[in-house]
Amino acid sequence: MKSLQDCANERILIIDGAMGTMIQRYQLQESDYRGTRFANYPSDLKGNNDLLNLTQPHIIEAIHKEYLEAGADIIETNTFSSTSIAMADYDMQELAYELNVAAATIAKKATAEYNAKTPDKPRFVAGAIGPMNKTLSLSPDVNNPGFRSVYFDEVAAAYEEQIRGLSEGGVDILLIETIFDTLNCKAAIYAIKKYYRESGKPEIPVMISGTITDASGRTLSGQTLEAFYISVMHANPFSIGLNCALGGQQMRPYVEELSNIASCYVSCYPNAGLPNAFGEYDEEPEDTACIIEDFAASGFVNVVGGCCGTTPDHIRHIADHVKHIKPRLKPVLADTLA
């Protein structure tokens, strides 16, 4: 099978859309989240989408297949919150490793089915590593700026456990995504390097995707896009990009800036526009696809897809709009300074 690098050289790659948006369509209730195994669990579990890897794996697999059918080259595991720190909200810290292995196994099963049908068009599984629900750079207490609810070593250890589960589950890529705090991202990078160094396994490609939170053009922890890029480029990522927070129209100047400075591939998977008054996304698949097509035609991107509010229909339209456009060329870097 062709490698991820081979595929990226040939065409713009398509990453899937929102997992949460698709799960909402099933209108699951508390009992659906609990299943048999957690029927008597003392905490409320509705909304713990990652738990569905264990209690409703057929739903997660069905969603993966919808995105693969729509044309996705890369699907993300359902593990956005599968760290011991994030799972503490449900008193399920001890399930973190198991959740990651299960999610990776489900996604690999789905891609294996499609790869068997069309081996000339390989599909890849990206292990989704979310930003966590706690931040290293900011205090949760406005009256005590120096206070931290979590520390670097704790975050790194939680990420390493997640990475171990994803790796042992067989993912092809690790995707550190929706980064609003660069220090959390650095902890994830540290955990990746530590895990592969100590395990002796060959490293797999790493994708990094940050979030510009508003019109200031900065991450939540205050960095400009260029500062964010410089802060994480030591990871030698396969790609760097942006996702979430903004729709494609609002994201355009930042994607253009990133394409001008990045020495690796560039990814972009925006929300389906900005949320309405009810927190829902109204941007139609054709509209999202036209925005992404502009990014592609302008030579900004190598990997495109969707985030909050996007569906298989969005991914299908995006894939159709960019299929004949050449991917962004990586800049040729000098080996030495003049």
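Here are a few things to note about the model shown:
- Given (1) more than 18 Å from N133 (Cα to Cα); (2) within 19 Å of the chain's Cα centre (by Cα), index of the condition T211 fails: (1)
Every residue, every condition in (1) touching a residue at least 24 places away in the same chain (Cβ under 8 Å); (2) of a type in the set (K, R); (3) surrounded by 22 or more Cβ atoms within 10 Å (Cβ to Cβ), yes or no:
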residue: V266; (1), (2), (3): yes, no, yes
residue: P270; (1), (2), (3): yes, no, yes
residue: G279; (1), (2), (3): no, no, no
residue: D294; (1), (2), (3): yes, no, no
residue: S298; (1), (2), (3): yes, no, no
residue: V303; (1), (2), (3): yes, no, yes
residue: H314; (1), (2), (3): yes, no, yes
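- When restricted to residues that are part of a loop (DSSP other than H, G, I, E, B) and either crowded, with 20+ Cβ neighbours inside 10 Å or β-branched (V, I, T) (or both), the stretch 135-171 contains 5.
- Those helices (runs of 4 or more DSSP H) lying entirely in the stretch 1-109 with at least 1 residues of a type in the set (S, T, N, Q): 4-10, 19-24, 30-34, 52-55, 84-87
- For the stretch 112-134, the set of residues classified as part of a loop (DSSP other than H, G, I, E, B) and at negative phi consists of T118, P119, D120, K121, P122, R123, G130, P131, N133, K134, listed by residue number.
- Every residue from the stretch 16-46 that is in contact with a Phe, Trp or Tyr (Cβ under 8 Å, 6 or more places away or on another chain), open to solvent by 20 Å² or more (accessible area, probe 1.4 Å) and of a type in the set (A, V, I, L, M, F, W, C): M19
- The requirement of being open to solvent by less than 10 Å² (accessible area, probe 1.4 Å) and over 24 Å from I192 (Cα atoms) is not satisfied by L99.
- Residue selected from the stretch 53-83 under the condition more than 23 Å from P285 (Cα to Cα) and more than 18 Å from the chain's Cα centre (by Cα), by the criterion most open to solvent (accessible area, probe 1.4 Å): H58
- Residue in the stretch 223-237 that is in a strand (DSSP E or B), closer than 19 Å to I14 by Cα and at pLDDT 95 or above present: no
- Here is the figure for the stretch 181-209: residues that are more than 22 Å from I74 (Cβ to Cβ), of a type in the set (A, V, I, L, M, F, W, C) and either in a loop (DSSP other than H, G, I, E, B) or open to solvent by 40 Å² or more (accessible area, probe 1.4 Å) (or both) total 1.
- Qualifying positions in the stretch 158-201 - of a type in the set (S, T, N, Q) and over 16 Å from the mean Cα position of the chain (by Cα): S199
- The number of residues in the stretch 287-314 that are β-branched (V, I, T) and either in contact with a Pro (Cβ under 7 Å, 6 or more places away or on another chain) or outside any helix (DSSP H, G or I) (or both) comes to 5.
- Just one residue in the set T219, T211 is modelled with pLDDT of 95 or more and β-branched (V, I, T); that residue is T211.
- Cβ-Cβ distances below 6 Å connect the following pairs, each with a first residue in the stretch 21-32 that is under 16 Å from L45 (Cα atoms), a second residue that is open to solvent by 30 Å² or more (accessible area, probe 1.4 Å), and a separation of six or more residues or different chains: I23/N49; E30/K46.
The values are calculated or read from the model by the stated rules, or taken from the named source; none is laboratory data. Here the structure is a predicted model, which is why all the values come from computation and not from measurement. Backbone-built Cβ (ideal geometry, glycine too); neighbour counts: all protein chains shown. Just so you know, the surface numbers come from the protein's heavy atoms only, side chains and all, with ligands and any DNA or RNA stripped out. Shrake-Rupley method; radii C 1.70, N 1.55, O 1.52, S 1.80 Å.
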